[in-house]
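The structure appears below as structure tokens.
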Amino acid sequence: MKNFITLLFVALLFSCQNSAQNKKKQEAITNAQPVEIPMENGLAKAYFASGCFWCVEAIYESVKGVKESISGYSGGHTQNPTYAASNTGRTGHAEAVEIIYDPKIVSFETLVDVYFASQNVTQVNGQGNDRGPQYRSIIFYQNEAQKEIILKKKADLAKKLNVTIAAEVYPFQKFWVAEDYHQDYEKLHPNNPYIQNVSIPRLNRFKAKFPKELLKEEH
């Protein structure tokens with residue numbers, strides 16, 4: 001019994017130390033200098049986390065000027081995160097999307113509007129029944145101009161709705177592309193129960209309240 005108590009104490013001590021180390025690593029990320037991704041072929045990139053990346057990927061791909069939306073992980077303190085590791089909630093990463101867009105057609109400001117219009121802005125650590133830090137809302141900025149846009153829109157929305165906006169604001173550091181089977185998931189698996197019951201309804205709710213002139217035509 002005494003040996004069991006000793007082992008339990010050691011395990012708890014190790015767990016606390018590990019948790020404290022991870023917290024310090026996470027704080028270092030939120031306080032880091034942002035990394036700016038240069039434009040390529042006239043296209044820019046932006047990064048957002050807002051619950052399940054299957055949902056968010058499809059939402060952004062419905063917006064005019066968005067060329068591609070890629071599912072992945074960002075905002076954490078571990079290298080080469082995987083879906084399994086991210087789902088433990090211990091990597092610090094959130095399911096995120098990389099948006100490749102044409103700034104001549106759609107602005108970063110509009111992408112931020114899409115972000116807030118497509119989620120429950122008050123839910124902490126999740127969207128709907130997808131709960132945990134891996135599903136938390138984060139907007140990533142690459143420079144001070146983007147940071148100012150995000151903070152102003154967040155503050156204006158909080159004042160308008162008289163609520164606390166859950167979205168965290170992080171300096172962008174790195175985006176890790178998710179496993180191949182996560183890419184274009186809604187498009188490739190339209191009959192999946194999650195897609196039918198969660199992802200498509202979320203997309204339709206967004207489309208119903210977002211200006212139609214900013215959305216791609218349905219075919």
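Throughout, read-outs are computed from the coordinates displayed, never taken from laboratory work. Quantities reported herein were computed from a predicted structural model and do not represent experimental measurements. With ideal geometry, Cβ positions are generated from the backbone for all residues, glycine too; neighbour counts draw on all protein chains shown.
Determine the alpha carbon to alpha carbon distance for each of K147/K212; K25/K174; K64/K160 and list only those over 18 Å.
Violating the 18 Å limit, Cα to Cα: K147/K212; K64/K160.
Can you give the charge dipole size of the stretch 17-86 about its Cα centre, rounded to the nearest 20 debye, using +1 on the beta carbon of Lys and Arg and -1 on the beta carbon of Asp and Glu?
Here the size comes out at about 240 debye.
Report the residue, chosen from N120, N192, N41, that carries the largest GNM mean-square fluctuation when the chain is represented by alpha-carbon nodes joined by springs under 10 Å.
N41
Say the dipole of the chain comes from +1 at the beta carbon of Lys and Arg and -1 at that of Asp and Glu; which of P38, Y141, A178 then lies farthest toward its positive end?
Y141
Label-point separation (nm) for T88 and E68, each offset 7 Å from Cα along Cα-to-Cβ?
It is 3.1 nm.
Dipole of the chain, Cα-centred, from +1 at each Lys and Arg C-beta and -1 at each Asp and Glu C-beta, to the nearest 20 debye? Kindly include the intermediate steps, with their values, before the conclusion.
Details: 25 positive and 23 negative charges, 173 e Å.
About 820 debye.
Which helices, counted as full DSSP H runs in the chain, have an axial Cα extent of no less than 30 Å and a Kyte-Doolittle average of -1.0 or above?
Counting only whole DSSP H runs, the qualifying helices are 2-30.
How many percent of DSSP beta bridges within the stretch 40-214 run antiparallel, rounded to 5?
85 percent
Using a Gaussian network model on the chain with a 10 Å cutoff between Cα atoms, which of I138, I200, I59 fluctuates the most?
Most flexible of the set in this elastic network: I200.
Once phi is turned into θ = phi - 60°, what whole-Hz ³J(HN,Hα) does the Karplus curve with 6.51, -1.76 and 1.60 give for every residue of the stretch 75-85, x standing for Gly and Pro?
x, x, 10, 9, 8, 6, x, 10, 4, 5, 5
Could you pull out which residues in the stretch 170-184 have an amide N less than 17 Å from a spot 7 Å beyond the Cα of E36, following the Cα-Cβ vector?
Output list for this probe position: 171-174.
Percent relative contact order of the chain, based on C-alpha pairs within less than 8 angstrom and at least six residues apart? Could the numbers behind the result be given before it?
Numbers: 357 pairs, mean separation 58.2, N = 219.
Once divided by the residue count of the chain, the mean separation gives 27 percent.
For N204, put the label point 7 Å out on the Cα→Cβ axis and report which residues of the stretch 50-70 keep their amide N under 19 Å from it.
Counting backbone N atoms under 19 Å from the label point, the list is 54-63.
Would you work out which of S199, P211, Q26 lies farthest towards the positive end of the dipole of the chain, given +1 charges on the beta-carbon of Lys and Arg and -1 on that of Asp and Glu, about the Cα centre?
Q26
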